[in-house]
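Readers should treat all values here as calculations from the given coordinates under stated rules, not as data from a laboratory. Since the structure is predicted, the reported quantities are computational estimates derived from the model, not experimental observations. Every residue, glycine as well, gets a Cβ built from its backbone with ideal geometry; the counts of neighbours run over all protein chains shown.
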Amino acid sequence: MKTEYKIIADIIEKNSSILDVGCDDGSLMEFLKTNKSTNIRGIEISKEKVQTCIAKGLTVIEGNAEFDLKQFPNDSFDYVILGQTLQAFINPELVIKELLRVGKKAIITIPNFGHWKVRLDLLIKGTMPITNSLPHNWYNTPNIHMCTIKDFVKFSEIIGFKIFKSLALKNKNISNINNSNLFFKNLFGELGIFLIEK
Amino acid sequence: MNIKENIKTLMIEKPLKLDCGQTISNFPLAYETFGTLNENKDNAILVCHALTGDQFVTGINPITKKDGWWTYAVGPNKSIDTNKYFVICANVIGGCMGSFGPSHENPKTKKIYGTDFPVITINDMVNAQVNLLDFFGIDKLFSVVGGSMGGMQVLQFVSNFPNKARTAIPIACTSNHSAQNIAFNELGRQAITADHNWLDGNYNLKNTVPDKGLAVARMAAHITYLSKKGLQEKFGRKLQERDDLKFGFDADFQIESYLRHQGSVFVDRFDANSYLYITRAMDYFDLVKKFNGNLSNAFKNTKTKFFVISFTSDWLYPTQENKEIVIALNAIKANVGFVEIESDKGHDSFLLDVPDFLKAVKNFLDKSFVEKL
């Protein structure tokens with residue numbers, strides 16, 4: 001999803017230090033390395049994907065973000081990125097706190113479970129929604145903590161972090177989310193992108 | 001065997017102060033090179049060997065007439081591609097393949113050193129090897145690479161010379177020897193010194209060798225290099241050239257026969273006193289203690305890009321110990337990558353045909369080499 005990469009890149013200042021948590025096959029890292037900063041690291045749980053990253057010349061550590069972020073000292077990076085994986089963690093609250101400890105800022109993207117298609121799927125079919133960004137069945141999904149854009153905004157108040165930028169992505173169109181349009185963005189946004197700070 | 005004929009040595013005149021307090025000078029360092037040093041002298045890779053390795057990394061070892069110990073990883077078009085890189089490997093001091101060691105003659109007494117040889121450390125080994133860089137006029141290595149004790153040398157090298165290596169690959173190693181590591185080494189040393197032919201280390205004088213003790217040491221160590229699963233799959237309870245148990249103490253089982261073979265071929269190529277000295281060097285290795293309990297400080301000033309590799313079935317230097325190196329490097333924001341390779345082949349995985357491992361090393365080196373400085 002190149003649009004997502006571009007949005008993330010636009011948020012990041014040039015030559016800052018970046019950690020991509022759950023960096024997958026390193027495509028976002030590659031994109032940022034070429035366009036923003038060579039000072040970029042990744043952490044990835046899959047051995048296979050770590051190998052892919054190494055083959056791309058990226059500096060990646062095999063590890064589990066839920067446990068292995070603790071090895072990084074406070075404020076190790078200017079930006080820590082968590083792309084579409086918050087929902088897969090056992091304890092998302094802890095992960096966010098760790099992201100904000102390790103990074104001065106964090107960029108979190110979430111597949112929006114409040115999207116109208118998802119809602120309709122459950123309403124009409126009465127089965128767990130399966131969409132392009134959420135392709136798994138309920139019994140084999142790694143996504144155990146799905147949330148909506150609205151949930152995430154609320155979450156910031158509950159656990160106490162500041163949202164500096166919130167964007168919704170819909171059909172490659174990007175728009176700002178604010179209090180007055182939250183209802184609609186939560187209904188039509190496929191992806192929420194948030195820049196957060198402690 | 002006549003070692004000297006086939007061995008390149010660098011005479012190191014410069015005095016080297018050892019950790020034990022003694023100073024040595026005018027000592028030989030045996031080495032071998034593979035590939036060609038380029039004009040910029042920026043394609044050199046220092047390979048550090050493990051406990052029983054030597055400078056004959058790849059190709060046919062002229063002494064044993066067998067393949068070099070890292071033939072899977074080093075050679076033309078291999079992980080460490082000798083078409084591209086200039087590979088240097090030195091026999092460690094204390095060793096028995098031409099470098100200054102306990103089987104050398106003590107110029108003062110005109111007798112073989114034996115246990116009069118000074119106790120050496122990983123730090124001493126590395127400080128001896130760095131002379132090769134000066135010899136070849138290499139300002140900065142492209143990489144320093146090694147597994148097991150070789151990995152310890154890699155860590156020590158970067159710690160001692162933070163600006164002398166662009167990249168470093170410590171493989172299946174540790175920043176300090178665990179009690180279990182020391183215990184296994186002590187078992188090996190006890191086997192050697194208990195052999196009545198050891199003669200307090202003076203077996204050379206009587207033209208004998210403590211081959212039984214050295215073989216047992218090797219057999220015990222060899223078990224630690226393999227995994228339970230690997231052993232079970234390869235040998236299980238299979239019998240050795242017989243249909244049934246013989247109700248005696250011959251090698252009934254294939255695993256027994258295999259270990260005896262490993263022991264017997266080892267004594268032909270390795271010196272018992274060197275085994276004592278090198279295992280001691282490994283036991284003494286403690287980069288954590290050296291830096292007052294903070295391993296990060298060992299790498300404080302380095303710009304070296306690290307790639308740490310461990311293996312799932314390695315219980316001698318398990319993943320957790322390798323990860324501690326990664327953690328220490330992350331704590332100082334060093335450039336470090338890490339992967340644990342899936343393999344049933346135990347600690348020995350780094351020496352064997354483990355495609356994921358070989359691919360990772362190749363990719364890391366080749367990508368790093370073209371990276372802008």
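Within chain A, the longest run free of exposed loop sites, counting chymotrypsin sites (Phe, Trp or Tyr not before Pro) that sit outside DSSP helix and strand states (H, G, I, E, B) and have at most 15 other Cβ atoms within 10 Å, spans A:1-137. Per-residue 3J(HN,Hα) values for the stretch A:142-147, derived from phi via the Karplus relation 6.51 cos²θ - 1.76 cosθ + 1.60 with θ = phi - 60°, read x, 8, 9, 10, 5, 9 Hz in sequence order (x marks Gly and Pro). Using the alpha-carbon centroid of each, what span in Å lies between the stretch B:21-50 and the stretch B:262-332? A separation of 20 Å, based on Cα centres.
For the stretch A:179-184, the Karplus equation 6.51 cos²θ - 1.76 cosθ + 1.60, evaluated at θ = phi - 60°, returns couplings of 4, 7, 9, 4, 4, 6 Hz by residue, with Gly and Pro reported as x. Distant-in-sequence amide contacts of B:T174, defined by a placed amide H-H separation under 5 Å and a gap of 5 or more residues or a different chain, comprise B:M152. Considering only DSSP states other than H, G, I, E and B, which trypsin sites (Lys or Arg not before Pro) in the stretch B:100-203 qualify as loop sites with at most 12 other Cβ atoms within 10 Å? Sites meeting the loop and neighbour criteria: B:K108, B:K110.
The stretch A:101-156 and the stretch B:67-110 have Cα centres lying 57 Å from one another. Could you tell me what percent of the DSSP beta bridges with both partners in chain B are antiparallel, to the nearest 5? Among the beta bridges of chain B, antiparallel pairing accounts for roughly 40 percent.
A dipole drawn for the protein assembly as shown from +1 and -1 charges on Cβ atoms has a positive end, and of B:N127, A:L187, B:N363 the residue lying farthest that way is A:L187.
Placing +1 on each Lys and Arg Cβ and -1 on each Asp and Glu Cβ, with no other charges, gives the stretch B:272-352 a dipole about its Cα centre of roughly 580 debye. Against the empirical curve 2.2 N^0.38 Å, the C-alpha radius of gyration of the protein assembly as shown lands at a ratio of 1.14. The modelled label-to-label distance for the pair B:D268/A:I130, using points 7 Å beyond Cα in the direction of Cβ, is 6.3 nm. Evaluating kT/(6 pi eta Rh) at 25 °C and 0.890 mPa s, with the Kirkwood radius of the stretch A:52-189 over Cα pairs in the Stokes-Einstein relation, gives 148 µm² s⁻¹. Longest segment of chain B with no chymotrypsin sites (Phe, Trp or Tyr not before Pro) in a DSSP loop having at most 12 other Cβ atoms within 10 Å? That gives B:1-246 as the longest site-free run. Looking at the protein assembly as shown, the DSSP beta bridges with both ends there are about 40 percent antiparallel.
Across all directions, the average projected area of the convex hull around the alpha carbons of the stretch B:165-258 is 10.5 nm². Evaluating 6.51 cos²θ - 1.76 cosθ + 1.60 at θ = phi - 60° for every residue in the stretch A:21-31, the Karplus couplings come out as 8, x, 6, 6, 8, x, 5, 5, 4, 4, 4 Hz, glycine and proline recorded as x. Between A:I144 and B:H222, the FRET efficiency from the beta-carbon distance, with R0 = 41 Å, is close to 0.35. Distant-in-sequence amide contacts of B:F253, defined by a placed amide H-H separation under 5 Å and a gap of 5 or more residues or a different chain, comprise B:Q240. Calculate how many DSSP beta bridges within the stretch A:2-197 are antiparallel, expressed in % of all such bridges and rounded to the nearest 5. Expressed as a percentage, antiparallel bridges in the stretch A:2-197 total about 50. Ordering B:Y258, B:I309, B:G114 by the projection of their Cα atoms onto the charge dipole of chain B, which places +1 on the Cβ of Lys and Arg and -1 on the Cβ of Asp and Glu, puts B:I309 at the extreme positive end. Taking amide H as placed 1.01 Å from N in the peptide plane, the amide H of B:L316 sits under 5 Å from that of B:H347, each at least 5 places away or on another chain.
Can you figure out the FRET efficiency of B:K372 with A:E197, using R₀ = 41 Å and their beta-carbon distance, to the nearest 0.05? For R0 = 41 Å, the calculated efficiency reads 0.80. Look at the stretch A:69-78: the mean tally of other chain Cβ atoms within 10 Å of its residues' Cβ atoms is 2.
Using a/c under 1.5 as the rounded threshold, could you call the stretch B:112-195 rounded, prolate or oblate? The axes a ≥ b ≥ c are square roots of the C-alpha gyration tensor eigenvalues, and prolate needs a/b larger than b/c, oblate otherwise. The shape class here is oblate. Loop-located GluC sites (Glu not before Pro) in the stretch B:291-373 (DSSP state not H, G, I, E or B) with no more than 16 neighbouring Cβ atoms inside 10 Å: B:E342, B:E371. Inter-chain neighbour count for A:47-55: the average number of beta-carbon atoms from partner chains within 10 Å of each residue's beta-carbon is 5. Among complete DSSP H helices in chain B, those whose alpha-carbon atoms stretch at least 20 Å along the helix's long axis and whose mean Kyte-Doolittle hydropathy reaches -0.5 are B:122-136, B:179-194, B:211-225, B:355-370.
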